[in-house]
Every structure is written in C-alpha cells, then in structure tokens.
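First up is the structure itself, then whatever we jot down about it.
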Amino acid sequence: MRPLLCLLGRQAARGPGGAPRAIRVAASLELFHAFALFHAFAPFHTFALLHTFALLHTFALTHDDLMGHSATRRGRPPTLQHVLAARHQAGRTPTAAARLGSAPALLAGDVALAWSAELLHTAGLTHPQLTTALGRTGAMRTQVMDGQYLDLLSTGRPGPDTCVPWKAIRCKAAGHTFVHPLLLGTELAGAGPALTTAWAEYGWAAGEAFQLSDDLVGVFGRPDETGKPDGDDLREGKHTLLTALAHQRADPVERTALDRHLGEAGLDEQGACRLREVLTASGAHDAIRRTLRERCHAAVRALEDAPLPGTVRRALTDLAASLASRTT
C-alpha cells in the first residue's frame, strides 16, 4: 500500500526521471512497517531489494506484534518473537524462552529502522529532495509513535469516548499509510499546492476509511479470508470507534455484556458472539459502515478538481471503492 501510494504521488506530479530513486524511497516506507516478513527467514538478499519503505513498515509491525503479544501476522503464524522463542526453548523455562524471543525481536525492529534510514540516505536523492524526504518521513515516524502510544493507553479501557480512537486512526492509519506516502512521492516530484492539498484530503479520508474497515474485519471478518484473527480486538478490549459507539448506544442489558466480555482475557467464542450481537443490535456496526462509506466518498471528491493523469485517478478511485466493500 505505502510504496504504491508513494509512486502514484510521484506519477501524479509527473516527476521527471529518477524512477529507480523513487522506488528505493518507496520501498523504505514498507520496511518501516513490515518486519514481520522476517518471520519466514527468507534469504537476506530478498529483503535487500525491498529497501527503505519496507524497512520503515517492518520496524513498526515488529514492535506492534511485541506490544500486542500477537501470534500471527497477515494470517501467517508465527510472528518473529514466537519463532525465536521456539528456536531457543531447549533447556529454558517457558518464561525465559519467551523473553529470549521478545528481546531479539525488539532489536530486529530497531535494525529495520536503522536500515530504512540508511537506504533513504543512499537512494541517490538530490540535497533538496533528501531534506524534503527526511522531513516527511520524520513526521510520519513521530505520528506513528503517537498513535501507538494512544492505542496502548486505551486498550483494556474501552468506553464511550470517540476522541481517542479518532486520533489514533489519524496517526496510525491515515497519516502513516496514506497521507505521508502520497505526499512524499508528490513532494519529491516538485508538485505544487493544488495537488498536495488534494492528496492530503484524499489521504486523510481514505486512511480513516481503511482503519474503520480494518476494525470491522477484526471483529466480523473470517480469519481464513482476511488473515486477521477475529477475536483479538475483543479479547484485548481495544478502544475502537466501533466499541465506543456501542458503549454510547447500548441499552442496560447490552452494556452489561460489554462490561463483562470486552477485554476478557479468556474470551471464548460464545462470549465473542455475544459481543458481536451487541455491536450489531446497538447500531454501532451500521454507524461505522455509514461513516466508512462517507469517508470513501470524501476521498473520491477530493480528486475531482485535482490535475491527475487518468491512470492515477482510476487507481485511487478503485482503491477507495475497495475500502468501502472491505468489511466482512
């Protein structure tokens, strides 16, 4: 997603030449987010081709898996810390093995962050381009950490407040996944304010839709189709916009079920089904679907007057449409 949007941003601005440089910059974003790919232990040279965006994406996912105690990523077990714990369990207690899995996974994420910076610096950018790229990626990194901190603070403490989940959505999904990659590609190509303004409006709206659809998939989706566990958010007591609206709209009986089961460490399928019933009966599910569709429409509207090549416009419009249908 992130490298694609970065390169679409560059293409929209009709940036002259420099395609290999743009690809290296785009790949650096993905490595910032996707270090869980390393759990497959593919040969190193495979990852050397992914470059900087991939390193940035890698760093974020590895640390996110650690903080969320996740056993799977993208439907593929196990995550890096579980691989390392299993590899070093001989002669150790389960606690010691788990610690020996978590600590190196943390270091691996740090290495990915360092590599992403190195690859960005060696992408062959001009000095003005590098200054622009460093400013944009620095803002993105800071925003991701802010969103992750909010997520950690609110997990296990769900309630009716919608301000915290909206801010986390804008920091972790909208800014990190959509706005900053789009603007990075556009700025490196020297685009003017007309395009960057449209890009930001599209990115915020599409990014918010992306996270709202992710929240629905995490609760109502089928793991064999989505690659996401369908009960982890409920078991952890994630404070999402979905659960916040359920708290606002639930009747006394439904609120009792929310208080009992949401965030229950030993949540079984019966309890998860009861929570899904409450999320649906309270109207929270339908409200999220309406907001999701509205944000997708807003994303498309942001492109109406933007000076875009037809291929870029179609790609971004199709992406927004796919988000509207990505729920269960």
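Each value in this text was obtained by applying a stated rule to the coordinates, not by laboratory testing. As the structure is a computational prediction, the values presented were derived from the model and not from experiment. FYI the Cβ positions are ideal-geometry reconstructions off the backbone, even for glycines, and counts take in every protein chain you see.
If a/c stays under 1.5 just call it rounded; otherwise compare a/b with b/c (prolate if a/b is bigger, oblate if not). Do that for the range 126-328, with a ≥ b ≥ c from the square roots of the Cα gyration tensor eigenvalues. The partial results should precede the final answer.
Details: a/c = 2.58, a/b = 1.90, b/c = 1.36.
Note, shape of the range 126-328 comes out prolate.
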Fill in the blank from the handout: Per residue, the convex hull enclosing the Cα atoms of the range 259-299 spans a volume in Å³ of 84
Exercise for the section: Return, for the Cα atoms of the range 108-220, the radius of gyration and Dmax in Å, separated by a comma. Expected result: 16.0, 49
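Restricting to Cα pairs below 8 Å that are 6+ residues apart, what does the relative contact order work out to for the range 126-328? Please round to a whole percent.
25
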Handout entry: q = 0.12, 0.13, 0.25 Å⁻¹: log10 I(q)/I(0) that the Debye formula gives for the range 200-292, counting C-alpha atoms only
Key = -0.36, -0.42, -1.33
Exercise for the section: Kindly rank 293-302, 119-128 from highest to lowest mean number of other beta carbons found within 10 Å of each residue. Expected result: 293-302, 119-128
